[in-house]
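Presented below is the structure to which this report refers.
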Amino acid sequence: MKKSRLAISLDSLVPISSLNQGKAAKIIGELADEDIKIVIKNNEPIAAILSMARLNQLIDEEYELKAKLEKEVSL
């Protein structure tokens, strides 16, 4: 599986231990300011937490790209 690179700020990095210490609600609440949080375990990104707005944006972009590709293929 190809790894993609994501431009993120250090503020969006969340140690997994913070989630285990009962800070999940606070971290999720911060998604209003930032649209993505990257969960880190052993200094490696293991998961992403997305705001619903960001998720909907990604889904819309995916559909737009698929429609564009289908249109190009049918030409």
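Per-structure values
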{"item": "Count of residues meeting criterion [of a type in the set (G, A, S) and more than 20 Å from A7 (Cβ to Cβ)] in the range 33-70", "result": "1"}
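To keep it simple, each residue is scored yes or no on (1) in contact with a Lys or Arg (Cβ under 6 Å, 6 or more places away or on another chain); (2) surrounded by 10 or more Cβ atoms within 10 Å (Cβ to Cβ); (3) in contact (Cβ under 8 Å) with a residue 40 or more places away in the chain.
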{"position": "A24", "(1), (2), (3)": "no, yes, no"}
{"position": "A32", "(1), (2), (3)": "no, no, no"}
{"position": "K37", "(1), (2), (3)": "no, yes, no"}
{"position": "N43", "(1), (2), (3)": "no, no, no"}
{"position": "I49", "(1), (2), (3)": "yes, yes, no"}
{"position": "R54", "(1), (2), (3)": "no, yes, no"}
{"position": "I59", "(1), (2), (3)": "no, yes, no"}
{"position": "K68", "(1), (2), (3)": "no, yes, no"}
{"position": "K71", "(1), (2), (3)": "no, no, no"}
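Readers should treat all values here as calculations from the given coordinates under stated rules, not as data from a laboratory. Here the structure is a predicted model, which means the values were calculated and not measured. Positions of Cβ are backbone-derived with ideal geometry, glycine not excepted, and every protein chain shown enters the neighbour counts.
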